[in-house]
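Quick notes on the structure that follows.
No value in this document is a laboratory result; all are computed from the given coordinates. What you see is a predicted model; the values in this text were computed from it and never measured.
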Amino acid sequence: MYSPFSASAPNLKIIRTRWFRANFKLTDGKATYGELVYPYFFSKKAVVKTASASWVFRQKFFSRTISITDENSLNVGELRMKWFGRSAKLHLKNGPVFSFTRPWFFIRQYFWLDNQQEQIASLKPHFFSRTIDVSFGKNLQSDTLPLLLVFLGTHLIVLKRRRRAAAAH
């Protein structure tokens with residue numbers, strides 16, 4: 001169903017495919033590499049399915065922490081968001097720590113950075129659009145980590161949009 005991921009694929013985009021039960025697919029226009037699915041209408045739980053792995057993102061009510069588990073319900077890591085900041089830290093079980101950040105208030109681009117502050121991936125959402133442009137840095141070691149970072153970043157962008165929409169009403 002999903003193609004094996006290659007970080008060298010050009011023109012990667014996250015595309016929203018449904019409106020009420022949101023689905024987001026990572027595609028290059030020819031192949032689909034994975035999908036982010038929200039099982040319920042206003043769910044804070046998200047399920048990611050790819051060719052090589054599956055993850056579940058869960059956030060408790062009034063919590064700024066997202067737990068990440070794999071398809072066997074084993075803990076993969078935890079993401080901690082700052083209360084009044086534009087960044088979050090991902091702590092994986094096997095050791096590495098990554099930062100999800102938006103460097104400046106007026107830039108609508110988000111970055112995943114490693115411990116040395118080198119860019120791993122960037123996500124650029126567009127105004128009034130259902131797409132998010134995805135690009136990768138040069139230092140990628142595995143084929144599943146970039147997918148986890150891209151879909152977790154998409155999940156954070158969706159949660160932020162939901163919070164803004166709720167605050168506006």
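What length, rounded to one decimal in nm, is gained on full extension from Asp28 through to Arg86, with 0.36 nm per residue of separation minus their alpha-carbon distance?
On the way: separation 58, 0.36 × 58 = 20.88 nm, distance 2.83 nm.
Length difference between fully extended and current span is 18.1 nm.
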Can you compute 3J(HN,Hα) from phi for each residue in the stretch 40-55, using the Karplus curve 6.51 cos²θ - 1.76 cosθ + 1.60 with θ = phi - 60°, rounded to whole Hz and x for Gly and Pro?
10, 4, 10, 7, 8, 9, 10, 10, 10, 10, 10, 5, 9, 7, 9, 9
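Relative contact order of the stretch 12-168, please, whole-number percent, based on alpha carbon pairs below 8 angstrom and at least 6 residues apart.
Numbers: 295 pairs, mean separation 21.4, N = 157.
Here the relative contact order equals 14 percent.
Add -39500 (n - 2.57) for each DSSP H run of 4 or more in the chain, then divide by its residues: what number comes out at 222 nm, to the nearest 500 deg cm²/dmol?
Values: 1 runs with 24 residues, N = 169.
Roughly -5000 deg cm²/dmol at 222 nm, from the helical runs in the chain.
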Which percent of Cα pairs goes in each bin when the distances of the stretch 68-141 are cut into 10 angstrom slices starting at zero?
17, 42, 34, 7, 0
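Tell me, what is a quarter of the convex hull surface for the C-alpha atoms of the stretch 12-168, in nm² with one decimal? Let's see the in-between values first.
Working: hull surface 37.9 nm².
Hull-based average projected area comes out at 9.5 nm².
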